[in-house]
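Okay, so here's the structure we're looking at.
The values are calculated or read from the model by the stated rules, or taken from the named source; none is laboratory data. Owing to the predicted nature of the structure, the values given are computational and were not obtained by experimental measurement. Glycine also receives a Cβ, built like all others from the backbone with ideal geometry; neighbour counts cover every protein chain displayed. Side chains are part of the model used for accessible areas, which takes the heavy atoms of the whole protein and leaves out ligands, DNA and RNA. Shrake-Rupley method; radii C 1.70, N 1.55, O 1.52, S 1.80 Å.
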Amino acid sequence: MLIVCALLIIFPPQTCAQERTPKENPSLRLLERHLRSKAVLKQVRIHITPVSISNGEHKRHLSQKRLLEQFSGSEDPSRKEPASKKACDSPPGSQNSRETSEERSMASSQQRASDAAAVKSELEDEDEDPESVRKDEKESAELSAYERKRLKNITENAEFFASLKLFESAARLREIANKGQSRGTKRVKPSKAETETACRRSMRLQRVDPTGLPLPEPQTQPESVEEHVEPKKTEKTLCSLESYEASLHRMVLGGDSVAKVVRNRIYSIAVHPSESRTLVAAGDKWGQVGLWDLDCTSADGVHAFVIHSQPVSCMYFSPFNPAHLLSLSHDGTLRCGDVTRAVFDEVYRNDEYSLSSFDFLDNDASTLMVGMWDGKVAVVDRRTPGCSSELSADLNSMTRTVHVHPLDRQYFVNAGARNVDIYDVRHLKKSGSKPVVLLTGHTKSVASAYFSPITGNRVLTTCADDTLRIFGTKCLSSLAPTLTTIRHNNNTGRWLTRFRAVWDPKRDDSFVVGSMSRPRQIQAFHATGKLLHTFFSEDHLGSVCSINAWHPTRYILVGGNSSGRLHVFKE
């Protein structure tokens, strides 16, 4: 058996069995010529170690170093060969071997360990004496014809690879690499402490005076309860309330402040926030929207547009662009009109459900919260193309009005059949949305619910049980307390629009509501339940003003009746 550790292409066993030399075989001659032509392009380092084993006796191997040293004089003989070598067994072709296949398989397992140990000791042995060389030559003469032919092929291959001078090229490459590494200089990085700059601190923070002397430690004084400012705040609040009442008493209704703007019953009113001109909008029962410019003395001051087919239940001027008037109708459409061009574009459409009210979720009026009569709400983004909603949720209750918190705009209050709830837009679900706060105590249907305009700490509701209620929402807990309950006749009947009490945008503690009392009037209340003022005029006000709206900054109050007329009280 022959074990050869090499990466060289070895002739097939059948070729050797036929005892043909490479010159006698034409196919092998072509292979040799091909390998010689390709050898220049690829440099391969080959380690060959022949080991002869005959009749179970271990023969000394022929050192591959000796073979390479015969043809390469420049290679350093003291360099050790790699220890990792691969062994392969030659086919059993010896003439002296006459054992059966069973005996050979049993003997091979016993000899494998001794053969591996002998090969390893011979590879590690670098200095061989001449006597061992002569002994190897003598033993090589005793080899079989197959083994002699194998040794001849190995010698020719070693001569070929030695002629390529692979060792010399590798030595030159190592010298070049070592020179490049020695020439490279490492850059000295500056220490981190040097790069850090000291943070400048003022003399006040260092507690040092301009002369460099340390300042004494300040002595903490306990806060005195008598010096609290709350009494001053109460006094200031009373003064402002008195001045506010005085301003309300100065508001009057003149003959030129009454006009018929739309043909039918008024369902919604909006006041333009202009400081120089007075512009009022109203929506009626059959989808007509009327604009009235009070500063225009001629009859051309009133303009009417039919942009909806059903009642216009909610209207607002855009806080971001006051030239835009947004109107919502029961016909399932929400439109934005440019009052300067008299053009109304559709913002949102729902062909399945009727819309009841809407409010702005953002200060730039880009996102809207829309309520529907069947209890659903939708979030509409005006910046996205189309007339669809971004989010839809079911509140499982009728939705009459929706109103957004003035500061925490993720909260909105919903007035339903007999319930008033506060929801978080971030937690809305398609079904099964749960409210954050419950406002309980209503025994009949609720017409409206609005946050106080400045802080949102109160919610004002108008209920059909002839009661106006104010709830405390400063802390949005699971149950809001009832702060004030005011008895008020809210039984309007079927021919009048239902009352909706609304806050004065300039204050957080005052609101107005229509009245069934005679003479016909509009009542202003304080959050404590005190009646601040009654707006009436025996000459110019003879009907019930169910819907009312304030100017955002000026003392202007507009009331609308069921015949399409607007009444404007102003200073």
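Considering only residues that are among the polar types (S, T, N, Q), open to solvent by 40 Å² or more (accessible area, probe 1.4 Å) and either part of a strand (DSSP E or B) or touching a Lys or Arg at 6+ places or on another chain (Cβ under 9 Å) (or both), which ones fall in the range 259-292? Scanning the range 259-292 gives a single hit, Asn264. Ala342 meets the conditions (1) touching a Cys at 6+ places or on another chain (Cβ under 7 Å); (2) in contact (Cβ under 8 Å) with a residue 12 or more places away in the chain in every case but one. The failed one is (1). Here the condition is being free of Cβ contacts under 8 Å to residues at least 24 places away in the same chain, open to solvent by 20 Å² or more (accessible area, probe 1.4 Å) and either part of a strand (DSSP E or B) or within 29 Å of Leu241 (Cβ to Cβ) (or both); of Arg518, Arg507, it holds for Arg518 alone. Is at least one residue of the range 293-300 surrounded by 13 or more Cβ atoms within 10 Å (Cβ to Cβ), closer than 25 Å to Met398 by Cα and touching a residue at least 40 places away in the same chain (Cβ under 8 Å)? Checking the range 293-300: not a single residue is surrounded by 13 or more Cβ atoms within 10 Å (Cβ to Cβ), closer than 25 Å to Met398 by Cα and touching a residue at least 40 places away in the same chain (Cβ under 8 Å).
In the range 432-481, counting only strands (runs of 3 or more DSSP E) that sit wholly within it, the ones holding 1 or more residues that are open to solvent by 40 Å² or more (accessible area, probe 1.4 Å) and of a type in the set (Lys, Arg) span 458-463.
Picking from residues in the range 308-339 that are touching an Asp or Glu at 6+ places or on another chain (Cβ under 7 Å) and touching a residue at least 40 places away in the same chain (Cβ under 8 Å), the one that is farthest from Ser268 (Cα to Cα) is Phe320.
Only one of the numbered conditions (1) modelled with pLDDT under 95; (2) closer than 24 Å to Ser268 by Cα is not met by Asn414, and that is (1). Taken over the range 362-377, the criterion of being within 16 Å of Ser327 (Cα to Cα) and either of a type in the set (Gly, Ala, Ser) or under 26 Å from the mean Cα position of the chain (by Cα) (or both) is satisfied by Ala365, Ser366, Thr367, Leu368, Met369, Val370, Gly371.
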